[in-house]
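Read the structure below first, then the notes.
The values are calculated or read from the model by the stated rules, or taken from the named source; none is laboratory data. Since this is a predicted model, take the numbers as computed values, not measurements. Note that we place each Cβ from the backbone using ideal geometry, even for glycine, and neighbour counts take in every protein chain shown.
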Amino acid sequence: MKGLTVILFLINYNASAFHIVGGEIEMIHLEGFTYRLNVIQYFDRSQQFNPGPESQIFVFTYRVRDQELVRIDTLLLNTQEPVLYTNPECAIAQLQTERVFFTKDVTLDPANFDDPEGYFFVWERCCRNGSVININNPLNTGMTYALQFPPIVKDGEPFVNSSPSLFPPLSDFACVDELYYVDFAGTDFDGDSIVYSLTEPLNSSSTVALPIPQYPDPNRKVVWADGVDNQNIVPGNPSLNISSKGFVTVRPINPGLYVFAALAKEYRNGVQIGEVRRDFQLLVIDGCTPGQAPVVRSQLPDGSLYQEGQLISYTADADKCFEFIVTDTDGEENITLKALGVNFDQDASEIFTFTSGALNSAGDSLKVEVCIPECPFIENGIFMIDLIAMDDACPLPRMDTLRMRFEVQPPPNNNPAFDDSDNLITVNIDEDGFTTFDITGSDADGDTIDLVILNEGFDPAAFGMTFSSTTGDSTLTSTYQLDANCLIYDFGLQNEFNLQVALEDRDQCMINNADILTLDVTVNLPPNTDPVVTTSTGEDVIEVTLDQLLDFDVAAVDSDGDTVKLEAIGEDFDLDDLGIQFASSVGASSTSSSFSWDLTCEGLDLMGREEFTINFVATDQDKCKVPNADTLAVTVKLLIPFNNPPEILGLSDGDVIDVRILEEYVQPLVGTDADGDSILMEFWNEFELPDSETLTFDSIAGVSEVSSILTWKPECSLLGPNRSPREYTLGFILQDNSCPNPKLDTISVTYRVFETPVDFNAFTPPNILTPNGDNMNEVFSLFGNDNSSFNLPPDSCDDRFESVTIVNRYGKSVFESTDRNFVWDAKDFNLGTYYYLLHYTSREIRGTITLMD
């Protein structure tokens, strides 16, 4: 895990999360850079043995771009409350849900939350309910809630955003072969659009009760069971589906407990800025008997029944009422009525004279008068309304819907109008001028009229423009004034304006029928010439070598005598980072400053570049605050000698080498540099070295060439489980100190540490010793012999050489050693037979050796 060291003391968290059936994360903006971070969990309360929720949970925040851990927040338990059924009389023991709410107000540092790719909040828990049937191995599958959110600062300005939230709980169960539906849509405080889709729920990082997330990117997805995929999460006719607006439907074909996730993507101005995943379970049971849905129809004033797709057109003076008839097919039922706009957002509920009633017997009908309002829901177009009747069946009301199409002519109304017949007024005024005139308009119906400013992108008052009045009774006169004094108003930002004003009446239906008047305004500014920047070198490209002081003078002159400011800006770099000295200066008519860059190599970080462009910018400040600027770009080219990289000899990158346990491995390494630079050779990944006391490689520094020796006698502890071979990677790095572009060489070598069985039967040591100077059988030693059977068996993890003892025929010790590389030269000893004892950890090897001439 990157970024932060995570140390969490988790106490009493041994319980599994079989009790958590779903939830999500919310992020709500409060003020400034303070947000409310919420985690909502839904608990299964039908299982009495389930534990209560934790008193606190940990939410991890990651940066999307590099998956860097940014912060960890502790959220405290806030509230617990039951989730009510749509119809409380439909409650069953198997489904009792509780909403648990954790929260914390957090202040986010804009310096840490300005990355354009955004961030993730992540919370994890293990494990899922074992009775879930649409994923594999649910008891060892955890859950992860993830919320992706945009930076809180964009382009240096606060970017205010709250995540989609207030998702309704999933409160009801579903029945086999019956339509299940629920509005899963949340709301967005910022007015952003939300698009919904189904996706895989997320697994957790591990099966620990409260795992620490290993990375934020939501790719630890659950594994669907056979026959299940994203298009068939809950098999049915139809299978589980969610509309882009968040309406969930399914007609399941099999009972069971199913898990699913809804992904809500948040868009602003057509660009996705975030997303939140909502995890939940759906219980499907068999044996439901909800009965038949009510049947609806509409009887028009002429006695005919409305036919689906028919268009009903009403004139302004027509009676717009008709009968809505609901017929019961089962018997006694309570009926609820709804009217929902299909292609408009206004509330349509008032078109019913009443919205609920009772049907007492099969075949009974409920008649309700429906009246369409005089003002159409959609201006100059067709609008559609769904008239819905719902019964009180379990687990969800059964319904029938009649979709009707209407076209309504609004009451007659004359449009308001400006007196100016061209609807265009042109204003051309010099700086320091002042103008005023009246704008008049009227409404023939006597409606109240309003003057509305329609301009976009600027505030008229910020540029000296005012209107005296904006409302009138049937007539309106508003005095427009423009004060073009640029000492008060900043026309340097804008001096041409296209200002539109609308005259709108407050007619009965508030239909948009405004008259538009355009004001084309130009403020003429006095002439202003650009300042001019020059340097004492007169060159725009300067070549310099290292260890040189580069200095020259820069001047700016303004022929109008305006105050002029001179500054230097590095192109894609900061002057201070390279030790460049240049002080900004301000002067009347002219100013100057000195440029100085000490290119001493020591401590100079050139960021891998050899060319640097400095823009010298002169900006004047004329009377009307219209900035004119001149920029002189000077490129400094550094003449840097070529530097050959050093080279490590003795091993090659990618080598794989076998090393036997308890046998010494020796490898000399040489580092060379063709340029004769000072070099340093050492371990590259010292913090990742195996835990071995025998592994040594001394760092070595020198000029042109260095050498060091890697030695290693791997311990038994370095083997894998059951003494299996195990691989370790050692890295070596050789660096030169060539300034300003040091080079390096690295190699990575894989060592396979292993143990092989020892064959003691193959050990047949020599038994003759003739120390007579003929260089044959001169000494008794059991290492380095050409005949491998003369050498001691190698040490193993279970059996290691400990000592050797040689005695004469009287049993007196004549030689002892604990060094497996011992040597007995037998000088000054009597000829005859001697006895040796080789002592290993778990065995002894005995033999004789005869001393002869």
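Can you name every residue in region 110-156 that is among the hydroxyl-bearing types (Ser, Thr, Tyr) and not in a loop (DSSP other than H, G, I, E, B)? Residues satisfying the conditions are Tyr119, Thr144, Tyr145. The residues listed here are Val749, Val753; of these, the one that is part of a strand (DSSP E or B) and in contact with a helix residue (DSSP H, G or I) (Cβ under 7 Å, 6 or more places away or on another chain) is Val753. The set of residues in region 332-357 being of a type in the set (Phe, Trp, Tyr) and outside any loop (DSSP other than H, G, I, E, B) consists of Phe352 alone.
Just one of the listed residues (Ile312, Ile242) is β-branched (Val, Ile, Thr), within 17 Å of Asp183 (Cα to Cα) and modelled with pLDDT of 90 or more, and it is Ile242.
Among the conditions (1) part of a strand (DSSP E or B); (2) surrounded by 15 or more Cβ atoms within 10 Å (Cβ to Cβ); (3) more than 44 Å from the chain's Cα centre (by Cα), the only one that Pro668 does not satisfy is (2).
None of Pro158, Pro164 is over 29 Å from Asn254 (Cα atoms) and buried (at least 21 other Cβ atoms within 10 Å of the Cβ) except Pro164. Return yes or no: is Phe573 outside any strand (DSSP E or B), in contact with a Phe, Trp or Tyr (Cβ under 8 Å, 6 or more places away or on another chain) and either under 19 Å from Asn741 (Cα atoms) or without any contact (Cβ under 8 Å) to a residue 12 or more places away in the chain (or both)? Against the criterion (outside any strand (DSSP E or B), in contact with a Phe, Trp or Tyr (Cβ under 8 Å, 6 or more places away or on another chain) and either under 19 Å from Asn741 (Cα atoms) or without any contact (Cβ under 8 Å) to a residue 12 or more places away in the chain (or both)), Phe573 qualifies. Against the numbered list (1) over 24 Å from Ser243 (Cα atoms); (2) at pLDDT 90 or above; (3) part of a loop (DSSP other than H, G, I, E, B), Leu210 comes up short only at (2).
Residue by residue, here is whether (1) surrounded by 17 or more Cβ atoms within 10 Å (Cβ to Cβ); (2) under 52 Å from the mean Cα position of the chain (by Cα); (3) of a type in the set (D, E, K, R) holds:
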residue: Leu283; (1), (2), (3): yes, yes, no
residue: Leu300; (1), (2), (3): no, no, no
residue: Gln310; (1), (2), (3): no, yes, no
residue: Thr315; (1), (2), (3): no, no, no
residue: Ile351; (1), (2), (3): yes, yes, no
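From the list Glu715, Glu727, the lone residue that is in contact with a Lys or Arg (Cβ under 7 Å, 6 or more places away or on another chain), acidic (Asp, Glu) and in the same structural domain as Asn685 (by TED's automatic domain parsing) is Glu727.
A Cβ distance below 6 Å, combined with a sequence gap of six or more or placement on separate chains, defines the contacts here; from region 179-195, residues that are in the same structural domain as Pro169 (by TED's automatic domain parsing) and in contact (Cβ under 8 Å) with a residue 60 or more places away in the chain reach residues that are assigned to a strand (DSSP E or B) and of a type in the set (Asp, Glu) in the pairs Asp192/Glu266; Ile194/Glu266. Assessment of region 649-659 against the conditions (in contact with a Pro (Cβ under 6 Å, 6 or more places away or on another chain) and of a type in the set (Val, Ile, Thr)) yields at least one matching residue. On inspection, Leu170 fails the criterion of being part of a strand (DSSP E or B) and surrounded by 21 or more Cβ atoms within 10 Å (Cβ to Cβ). Looking only at residues of region 729-780 that are aromatic (Phe, Trp, Tyr) and closer than 30 Å to Arg843 by Cα, we find that the one that is surrounded by the most Cβ atoms within 10 Å (Cβ to Cβ) is Phe780.
With the requirement that a residue be under 23 Å from Leu730 (Cα atoms) and of a type in the set (Val, Ile, Thr), what does region 741-766 give you? Across region 741-766, the qualifying residues are Thr746, Ile747, Val749, Thr750, Val753, Thr756. Filter region 772-782 down to residues that are closer than 25 Å to His839 by Cα and of a type outside the set (D, E, K, R) and give me whichever is modelled with the lowest pLDDT. Residue satisfying both the conditions and the ranking: Asn777. Against the test of being closer than 19 Å to Gly246 by Cα and of a type in the set (Gly, Ala, Ser), the options Gly291, Gly270 yield a single qualifying residue, Gly270. Has region 164-171 got any residue that is without any contact (Cβ under 8 Å) to a residue 60 or more places away in the chain, more than 30 Å from Asn237 (Cα to Cα) and in the same structural domain as Val39 (by TED's automatic domain parsing)? No, region 164-171 contains no residue that is without any contact (Cβ under 8 Å) to a residue 60 or more places away in the chain, more than 30 Å from Asn237 (Cα to Cα) and in the same structural domain as Val39 (by TED's automatic domain parsing). Restricted to region 491-534, and to residues there that are of a type in the set (D, E, K, R) and farther than 29 Å from Gly472 by Cα, the residue that is surrounded by the fewest Cβ atoms within 10 Å (Cβ to Cβ) is Glu496.
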